[in-house]
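The values are calculated or read from the model by the stated rules, or taken from the named source; none is laboratory data. No experiment lies behind these values; they were computed from the predicted model shown. Please note: Cβ atoms are built from the backbone with ideal geometry, for glycine as well, and neighbour counts cover all protein chains shown. The area values use the complete protein model at the heavy-atom level, side chains included, leaving out ligands, DNA and RNA. Shrake-Rupley method; radii C 1.70, N 1.55, O 1.52, S 1.80 Å.
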Amino acid sequence: MTAPPVLALRGIRKRFGSVQALRGADFTLAPRELHALLGENGAGKTTLMQVAYGLVRPESGEIAINGVVRTIASPRAARRLGVGMVHQHFTAVPALTVAENVALAAGWKVRQGLLRERVREFAEGAGLPLDPSARAGDLSVALLQRLEIVKALASDARILLLDEPTAVLAPGEAADLLRVVRGFTVRGGAAVLITHKLDEALAAADRVTVLRRGAVVFEGAVAGQSAKSLASAMIGDEEGGEARRPRTANRGRDGTVAEVELHDVAIRLEDLEVPRETGYGLAVRGASLSIRRGEIVGIAAVEGNGQRELLRAVAGRLQPLRGRREIAEPVAFVPEDRTTEGLIPGFTLTQNVVLGSRADDPWIRRGRIDWRLARSRTAILLEEYGVVAPGPDTFASALSGGNQQKVVLARELARRPRVVVAENPTRGLDIRAAEAVQARLRGAASDGAAVLIYSSDLDEVLALAHRVLVAARGKLLEVPADATRAQIGQLMVTGGR
Amino acid sequence: MTDSLVLLSGFLAAAVRVATPLLLAATGETVTERAGVMNLGLEGIMLGGALAATLGATAAGPWAGLAVAVLVGMLLAALFAAVAIGARADQIIAGTALTLGAVGLTGTIYRQAYGIGGAGLALPTLAPLPIPGLSQIPLLGPALFDQPMPTYLALLALPLVWWVLFRTRTGLALRATGEGAAMARAAGVRTGLVRTVATVVGGGFAGLAGASLVLAQVGTFAERMTAGRGYVAIAIVVLGRWHPLGVAVASLLFGAATALQYVFQSLGLDVPYQLFLMLPYGLTLLALAGAVGRARAPADLGKA
Amino acid sequence: MMAFTACSNSAPDPGVRVGLITPGSIADAAWNSGAYAGLQRIRDSLGLAISHVEARTPAEQDEALRAYASQGYDLVFAHGFEFQGAAERVSAQYPTTAIVVTSGSRTQGNVSPLIFKLEDASYLAGMVAGGLTRSGILGFVGGIELPPIKAAYEGWVNGARAVNPKIQTREIYLNSFDDAAAGREAALALVRIGVDMFHHNADAAALGLFQAAKESPGVYVFGANADQSSLAPERVPGSAVIDLPRALLLVAKAVKAGSFTPKVEVFGLASGVVRYEPNPALAALVPPALEERVRAAADSIAAGTLVPAARPASMQARKREAPRALSSALALDAAQSHRGHGGRRSTPVMVASSEFSAPLW
Amino acid sequence: MAARTPLLAILLGLAVLAGGLQLAGYDAAAALTSLWRGAFGSWYAFSSATLVRAVPLIVVGLGIALAFRGGALNIGAEGQFYAGAIAATWVGLHVAGRPAVVAVTAVLVAALLAGAAWVLVPIWLKLRFGVLEVISTLLLNFVAESLVSLVVQGPLQEAQGIYPQSDPIAEVARLPLLPGTRLHAGLALALIGAAALWYVVARTLWGFRLSAVGAGPRAAEISGRIDARRVTAVALLGSGAVAGLAGGIEVSGVSYALFQNLSPGYGFTAIAVALLARLHPLGVVAAGMLFGALEAGAGAMQREAGVPAVTVYVVEAVVIMVVLLADTGARRAVGARVAA
């Protein structure tokens, strides 16, 4: 290979406050390559790519594009050099239309009619059709993800940096997306794929780089690697091999379930109708469901099929329009968005624990809060749930995503709930944090709670749940116990028709 | 019959006159708020513009006054931007402080410059410029086409601002900044710069609004002469749903209500005049409740 | 230009100190600036130490009065009726400070009011306007409906009716003394319904009225409080003037001489402090016959045989219940003078003296 | 850090003032000396000028802190202040002959209720039509000013029907004064109010929920199961009541009658006071006193050194800006650590 790498990062160092995020990381991306970038949460994957995209200025190290050393001071500069990024958090402006969002990213001229046509054609040409007049805020997650990629491609990106693009997609959609990316590299582009999913990396990528604590611990061709070898590179030797629970193996009625008493129903829904969160139209149409104590029920669904509203109706956060709803109290609820719904970032951990308070909490005395007690209880919870934080007076915003999620769980499960509802409980978490969260949910079930979860990661649903339901267009469909992963994926997309 | 027509036409012209400074300030504030910045210093900037226009016109004629007012408006807005955008300080406090400071500064400078005799009415002003033909249209002619230059500037600025906001890349970047600054940044928009420019442009408009009070209406400066118009302009931006067209309608509505207030008082009815004084504000509240209640503000408005 | 950089420090005679409290900016070219000019004249011609403070709210006014009194100022001018209550409270505590409330209502302790019968001059202005008007409709623009302002309006109307009983009048209040643009709009609204003669009492806000007159052919404004003909020389036939500097100087002189005793000081036409000041540039406008009538009326007012506006009864017209603390003599005066100004030029009311020495109400 | 910043800001503000005065041809040293004397120079100056001016700023500031904490942008404290003043005057005129405790209580309760009533319209508009309270409360300021003008020339006009002001309220309806000063019991109310609000915010569940709604409305609803709309509405209501109370205190403690120009813009200055205090009730007391001192000193500066009172607005503006900048800088330094 004589051509220089399209992107080379050498000796990149970056410190945030007291944390050394990158300690001399190297990374090279060859032409026409699909390169997977792996690592635990906090390993520095995203930061490294943000350096290449001009969002983060490194303290030292150099960046070369097509063999020429460059200073990339801003995303604008990055895009001029042909670098495009698809962020983990969506960057479409909700109030603008799809066409406007593309024009904003690509710097296209804003002539309404012409622009719409141009965006429509471009998106179709890229194999990612979109309605250019739709407001980005009205799009489903899958379509938003699609928009992100269209935006990057429209900016004439030759190098595409994708930060966990498949995290929120159904299996079929994820496969589609990876095909589009592959098409992009075949046409001469190069792409970096940040992911947690080892099998996805193994299946889709040409080469793989693994980061651990800000430094590269492995770099090489995918050929010859296995999930196990990559996982041990990511985590280090002490826990090698336990990358993820063997998937699908414990789905269904395995040994653990049999030990649970199955006669006590904690959640019963009959013919429930729930409006959309936006207030217009129905999200859930006639859902019936019973969940017993000790049982974990998982919902598999493509974004926007009513599962969110169903869970919130069960958790008592959304008022159903019609139907019966019997839910045992107390209910624990783990919302999807930690930083806006689960926690108040500007509050301390103690305050965030108190946030869920009810009259029967020990620190509430006739409308007064005993902060000393709340603080000591919080300290105990932090300890118990292994939250890495200086103490109960730390601001929630100072914690990593995984630790924030543990705080939410600690708060919600501390009350010994009889019902647990969790939305995407491990989204954005690294393997160890995800495992800890899943273990907590299992623990809640074996302590006698009925658990209802939804995850956009089908693998997680399969790994956790005793029983799986598919939500499609507001209806709940039972999944046969012996259904394969592919069959479930099919059901999610077609809704059984 | 023709008499009442003349009266109606005069009333419409008055509505447009009252609306002009509000429209100018509100148009500028629309640009500012679309970029996500709420400038409560508008009142102070108008006052600064008014004094600047007085000083400028005294020195070098009305056009110089207009230009100086715009410059001073931009300067004061830049000061606000440095604090509220550059240092990301709270916009409401910064705006309040700016207004407070402007009241003090204009009062001090005015007394230094003109003494207790004031500036008098010797200032060269901008007389109405009837547009041949158009100003002869019955009813609307005198209202829209027999006005001083600032009114025409306001009317010309409307489509211009609309075009920039909705038909140019700059406008797209500006709206994106107001609706989602983080996302706009990710798209390569220099949001700090966009917000600063939008604020400074808004300041220029507010300075012009102040100048229009002096040069096209009163012909002199008086301390605190803006009398709350800056705040009203901010209300008008909301009433107009952050859209130039809506802002135009809202300004005219407020102008008409105010003009009506004078008409009612001049009728000599046996009704306390204070009730008429409340009229424009009451009508605005009603309009907010009725037509435009659910208007959505730019998502990132006021966020540092 | 730098007139107001006056400092108390430079005064040569530290014996007598004079303070002035204004309720608004001294750059208003009317009520407050006139008082400040008087204060400067006190320093310049009497050599007294002076000090000024602007106090806009009752709380500030109370505080300012107490500050001067507690520092032993000999004389404090509280420039407006609104100071009356606070002045009485402060005077009870600091009896050695003479507090003069311009437009005040009564003497109490060392508090004495200085009353300007601007309506005397406004009456004459009204006569001129009544003679000059073509439309027969007169307009008045006021800041806030304060008693002296109301009285001036009445004088203006009565003067006009004295010349032409069929005169109609219209008034607009702005609720502001600062909003000059509102003053202009109010004036233009009145012009539209045919008003061609204006009078005002709106301080800085009236600047807009003058501007409106400058722009409207055939429309004239009569100035108030100060000689305002310079604002629009071709549109101001005359002004109803209060010579505030002269009045303040008179009081300060008495204080300096030690001859000051608290009493109700009333300045009408006779005193020369209140006067109608015609604009010489527009003298040709006024027919000699009218001028003669105006002069005769001025003499009657100065002699006390003609009362331009019934103070204070006319101000109570809007009130339902009968006035409580009104001296019967004044009530009689008022009733008669009220009858006297319906247009029928009946017997002018006799008034004992133009300078009251008893409480006015 | 937190205590040093405002001090530095004040010093810088004064330095700007001194420079400006010197440029304009005044004796800056004399001016600053009189500024100090007017604010702190004597017990009388401190109690009767500084503190008397501070009381309405503190009380209104507390109301604004309450609203802002609960996520309600109440820009209409000026109008609520006037509403309270009107009600207080009306009651104060009708309580002659009652025991002083009853009279004063009645006056203040009336003010409280009137302030709350004045803010009901914005609350209703917000809940029913979604009208932003920033705008509705702002517009009602103008309406309140006209209303005061109306009542002092109508139903509440003094007995002779001449002056646009009310008669003095009954002696029994007046707040007691500290002997030898103008300082009235309103200061005690302000301090008690600050302590009470502090207690509510720092110690009670309701106060915690209030802050939660202000800091993270979504999380408060979803995780805290708090009805955020209701909490915001209640905060707005309470804020209006407190601002109304301030109007009552001003009538009952200082002016003893209703005037059109009762407030020099307390409702706006108090926004700066509350925000400078970072919405902390005890900080509001300190910030209110700072502004009271500046304005009291301004009066003295004008009396003794001939410096126009408006000039002090510039100092206030500079102080606010500098505190704001320093404060934001400090928060950003913390923020950088937090981001890691």
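The one condition from (1) closer than 30 Å to residue B:120 by Cα; (2) in a helix (DSSP H, G or I) that residue B:163 does not meet is (1). With respect to being touching a residue at least 40 places away in the same chain (Cβ under 8 Å), assigned to a helix (DSSP H, G or I), buried (at least 23 other Cβ atoms within 10 Å of the Cβ) and away from chain A (no Cβ under 11 Å), residue B:213 fits the description.
Counting only helices (runs of 4 or more DSSP H) that sit completely within region C:139-236, those holding 1 or more residues that are in contact (Cβ under 8 Å) with a residue 24 or more places away in the chain, surrounded by fewer than 24 Cβ atoms within 10 Å (Cβ to Cβ) and away from chain B (no Cβ under 13 Å) correspond to C:147-163. Out of the residues in region D:256-267 that are touching a strand residue (DSSP E or B) at 6+ places or on another chain (Cβ under 9 Å) and at the interface with another protein chain (Cβ under 7 Å from one of its Cβ atoms), which is farthest from residue C:144 (Cα to Cα)? Only one residue fits best here, namely D:257.
Every listed requirement among (1) buried (at least 24 other Cβ atoms within 10 Å of the Cβ); (2) hydroxyl-bearing (Ser, Thr, Tyr); (3) facing another protein chain (nearest Cβ under 8 Å) is met by residue B:114 save one, (1).
Counting only residues that are open to solvent by less than 80 Å² (accessible area, probe 1.4 Å) and at pLDDT 80 or above, region A:271-296 holds 17 of them. Every residue in region A:414-429 that is open to solvent by less than 20 Å² (accessible area, probe 1.4 Å) and touching a strand residue (DSSP E or B) at 6+ places or on another chain (Cβ under 8 Å), please. Answer for region A:414-429, where residues must be open to solvent by less than 20 Å² (accessible area, probe 1.4 Å) and touching a strand residue (DSSP E or B) at 6+ places or on another chain (Cβ under 8 Å): A:417, A:419, A:420, A:421, A:422, A:423, A:424, A:425. Scanning region D:111-154 for residues that are small (Gly, Ala, Ser), more than 8 Å from chain B (Cβ to nearest Cβ) and crowded, with 21+ Cβ neighbours inside 10 Å yields D:111, D:114, D:115, D:116, D:144. Among the residues making up region C:10-23, those that are open to solvent by less than 10 Å² (accessible area, probe 1.4 Å) and not polar (S, T, N, Q) are C:18, C:19, C:20, C:21.
Test of understanding: among B:18, B:6, which residue is open to solvent by 10 Å² or more (accessible area, probe 1.4 Å) and under 16 Å from the mean Cα position of the chain (by Cα)? Answer to the check: B:18.
Evaluate region B:267-281: report whether one residue or more is open to solvent by less than 40 Å² (accessible area, probe 1.4 Å) and more than 10 Å from chain D (Cβ to nearest Cβ). Taking every residue of region B:267-281 in turn, none turns out to be open to solvent by less than 40 Å² (accessible area, probe 1.4 Å) and more than 10 Å from chain D (Cβ to nearest Cβ). If you go through region C:89-110 and keep only what is assigned to a loop (DSSP other than H, G, I, E, B), open to solvent by 10 Å² or more (accessible area, probe 1.4 Å), out of contact with any Lys or Arg (no Cβ under 7 Å at 6 or more places or on another chain) and not charged (D, E, K, R), you end up with C:94, C:95, C:96, C:103, C:105, C:109, C:110. Within region A:352-366, the presence of at least one residue that is open to solvent by 80 Å² or more (accessible area, probe 1.4 Å), within 11 Å of chain D (Cβ to nearest Cβ) and charged (D, E, K, R) is confirmed. Considering each residue of region D:268-284 in turn, none proves to be facing chain B (nearest Cβ under 8 Å), among the charged types (D, E, K, R) and open to solvent by 10 Å² or more (accessible area, probe 1.4 Å).
Name every residue in region D:300-316 that is open to solvent by 10 Å² or more (accessible area, probe 1.4 Å) and under 22 Å from the mean Cα position of the chain (by Cα), in order of residue number. D:309, D:311, D:313, D:314 - these are the residues of region D:300-316 that are open to solvent by 10 Å² or more (accessible area, probe 1.4 Å) and under 22 Å from the mean Cα position of the chain (by Cα). For residue C:60, the conditions (1) within 13 Å of another protein chain (Cβ to nearest Cβ); (2) farther than 23 Å from residue D:43 by Cα are fulfilled apart from (2). Residue C:68 passes every criterion in (1) open to solvent by 30 Å² or more (accessible area, probe 1.4 Å); (2) part of a helix (DSSP H, G or I); (3) closer than 14 Å to residue C:18 by Cβ apart from (1). Scanning region B:180-210 for residues that are within 14 Å of chain A (Cβ to nearest Cβ) and either within 24 Å of residue B:226 (Cα to Cα) or aliphatic (A, V, I, L, M) (or both) gives B:181, B:182, B:183, B:184, B:186, B:187, B:189, B:193, B:194. Here is the figure for region D:71-93: residues that are open to solvent by 10 Å² or more (accessible area, probe 1.4 Å) and at pLDDT below 95 total 2. If you go through region C:237-255 and keep only what is within 14 Å of another protein chain (Cβ to nearest Cβ) and surrounded by fewer than 24 Cβ atoms within 10 Å (Cβ to Cβ), you end up with just C:245.
In region C:63-91, the residue that is farthest from the other protein chains (Cβ to nearest Cβ) out of those that are under 22 Å from the mean Cα position of the chain (by Cα) and closer than 13 Å to residue C:16 by Cα is C:75. The residues on offer are A:335, A:345, and the sole one that is within 14 Å of another protein chain (Cβ to nearest Cβ) and open to solvent by less than 10 Å² (accessible area, probe 1.4 Å) is A:335.
Filtering region D:239-264 to residues that are open to solvent by 10 Å² or more (accessible area, probe 1.4 Å) and not in a helix (DSSP H, G or I) leaves D:256, D:259, D:260, D:261, D:263, D:264. So is residue B:172 open to solvent by less than 10 Å² (accessible area, probe 1.4 Å) and within 14 Å of chain A (Cβ to nearest Cβ) or not? So residue B:172 fits the description; yes. Hey, among the residues in region C:256-284 that are touching a residue at least 12 places away in the same chain (Cβ under 8 Å) and assigned to a helix (DSSP H, G or I), which one's surrounded by the most Cβ atoms within 10 Å (Cβ to Cβ)? Selected residue: C:269.
Residues are listed down the side, and each one gets a yes or a no for (1) in contact with a Gly (Cβ under 8 Å, 6 or more places away or on another chain); (2) on the phi > 0 side of the Ramachandran plot; (3) open to solvent by 10 Å² or more (accessible area, probe 1.4 Å):
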{"position": "A:114", "(1), (2), (3)": "no, no, yes"}
{"position": "A:125", "(1), (2), (3)": "no, no, yes"}
{"position": "A:134", "(1), (2), (3)": "no, no, yes"}
{"position": "A:145", "(1), (2), (3)": "no, no, no"}
{"position": "A:149", "(1), (2), (3)": "no, no, no"}
{"position": "A:153", "(1), (2), (3)": "yes, no, yes"}
{"position": "A:156", "(1), (2), (3)": "yes, yes, yes"}
{"position": "A:161", "(1), (2), (3)": "yes, no, no"}
{"position": "A:172", "(1), (2), (3)": "yes, no, yes"}
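All of B:20, B:54 fail the test of being over 30 Å from residue B:173 (Cβ atoms), touching a helix residue (DSSP H, G or I) at 6+ places or on another chain (Cβ under 8 Å), within 14 Å of chain C (Cβ to nearest Cβ) and among the polar types (S, T, N, Q), apart from B:54.
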